[in-house]
Amino acid sequence: MELFIDTAEIEEIKSLNITGLIDGVTTNPSLIAQSGRNIIETIAEICSEVSGPVSAEVTATDFDTMIKEGKKLSAIAKNVAIKVPLTFDGLRACKAFSDDGIMVNVTLCFSAAQALLAAKAGATFISPFIGRLDDIGADGINLISEITEIYEIYGFDTKVLAASIRSVQDIVDVAKLGADVATIPPKFLKAMYNHPLTDKGLSDFLADWKKTGQSIL
Ligand code: E4P
C-alpha cells in the first residue's frame, strides 16, 4: 500500500520524505489555508521535493473554471494530480482531464455509487473520506470495503485512496481491505512506528551492550 502525506506544510514533508517511505502528498483548500501560503508556490515546492503524485485541488464549482484552474495547477509540474470534488461538474472535469492524460483525484467521496461514477470518469484516484463518515455515525471502513469490491469486480484502474484518516487503526483497517493508498496526517506516520515495547526493548539491549565494553566501529 502506498502512503501519501496529507499536509501542505513543506518542512513537515521534507522531514518525512528523507525516510523514502512517502509515495505522494495530498492537499486541499483547508490545508493550503492553514499553511498561510500561496497555492501555486506551495504546490511547486512540494513537487520539487516529492516525485510521486501531489494532489492540488480546484476551488471552482463550475466545469469551465475547473478546467482553467486545473490546467494552471497541472502546468506546475508533471506529478500534479488535479483534485476535483465529486459533483456533476467535477465528474465532467475528471473525464476531460483523464482523456487528456492528466492525473485526477476525485475527492469528497462518501458513497460507493459516487466511487463507481468517478471510476467511469477515468479518475486516477478516488478519495473516500472515512473519518468524516465516522463523525456522523456512519461506517467509513465499510465504504472502503464496498469500493474495493466493486472496483475488483469490474477491473477499474482507479486507485482507492483512503482519506480523512483519524487513527493508526484506520490505516491498518484500510490496508486489510486492499486500499491502494492511505493519505495520512504527518503525526500518524510517527504513531505508526512508535511502540512502547520497541522503546523498552531497545533500552534494555543498550544497557546490556554497555556492560560488554565493546564497540562495533
Ligand atoms: C485528503 O485528500 C483529504 O482532503 C483529507 O484526508 C481530509 O481529511 P479531514 O477529514 O481530516 O479534513
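Each value in this text was obtained by applying a stated rule to the coordinates, not by laboratory testing. Since the model is a prediction, treat every value here as computed from it, not as a measurement. Reconstructed Cβ throughout: ideal geometry from the backbone, glycine too, with neighbour counts over all protein chains shown.
Residue count for the range 64-90 satisfying the condition of being closer than 16 Å to ALA123 by Cβ, more than 13 Å from the ligand (Cβ to nearest atom) and assigned to a loop (DSSP other than H, G, I, E, B): 1. Does any residue of the range 100-115 turn out to be farther than 24 Å from LEU16 by Cβ, in a helix (DSSP H, G or I) and within 16 Å of the ligand (Cβ to nearest atom)? Yes, the range 100-115 has at least one match. Among the residues examined, LEU202 does not qualify as surrounded by 14 or more Cβ atoms within 10 Å (Cβ to Cβ), hydrophobic (A, V, I, L, M, F, W, C) and free of Cβ contacts under 8 Å to residues at least 24 places away in the same chain.
Screening the range 1-18 for residues that are more than 14 Å from the ligand (Cβ to nearest atom) and hydrophobic (A, V, I, L, M, F, W, C) and picking the one that is nearest to ALA182 (Cα to Cα) gives MET1.
Number of residues in the range 153-177 that are loosely packed, with under 15 Cβ neighbours inside 10 Å and outside any helix (DSSP H, G or I): the value is 3. Under the condition of being within 16 Å of the chain's Cα centre (by Cα) and among the charged types (D, E, K, R), which residue from the range 136-187 is nearest to the ligand (Cβ to nearest atom)? Selected residue: ARG166. Inside the range 129-152, residues that are farther than 17 Å from THR26 by Cα, part of a helix (DSSP H, G or I) and not aromatic (Phe, Trp, Tyr) make up a count of 15. Has the range 19-27 got at least one residue that is touching a residue at least 60 places away in the same chain (Cβ under 8 Å), more than 16 Å from the ligand (Cβ to nearest atom) and in contact with a strand residue (DSSP E or B) (Cβ under 9 Å, 6 or more places away or on another chain)? Looking for residues that are touching a residue at least 60 places away in the same chain (Cβ under 8 Å), more than 16 Å from the ligand (Cβ to nearest atom) and in contact with a strand residue (DSSP E or B) (Cβ under 9 Å, 6 or more places away or on another chain), one finds at least one in the range 19-27, hence yes.
Taking the residues in the range 119-135 that are within 15 Å of the ligand (Cβ to nearest atom) and within 22 Å of ALA81 (Cα to Cα) as candidates, determine which candidate is surrounded by the fewest Cβ atoms within 10 Å (Cβ to Cβ). Here the residue is PHE129. With respect to the conditions (1) under 20 Å from PHE129 (Cα atoms); (2) surrounded by fewer than 14 Cβ atoms within 10 Å (Cβ to Cβ), GLY90 lacks only one, and its number is (2). Scanning the range 51-63 for residues that are outside any helix (DSSP H, G or I) and away from the ligand (no atom under 15 Å from the Cβ), which turns out nearest to THR19 (Cα to Cα)? That would be SER51.
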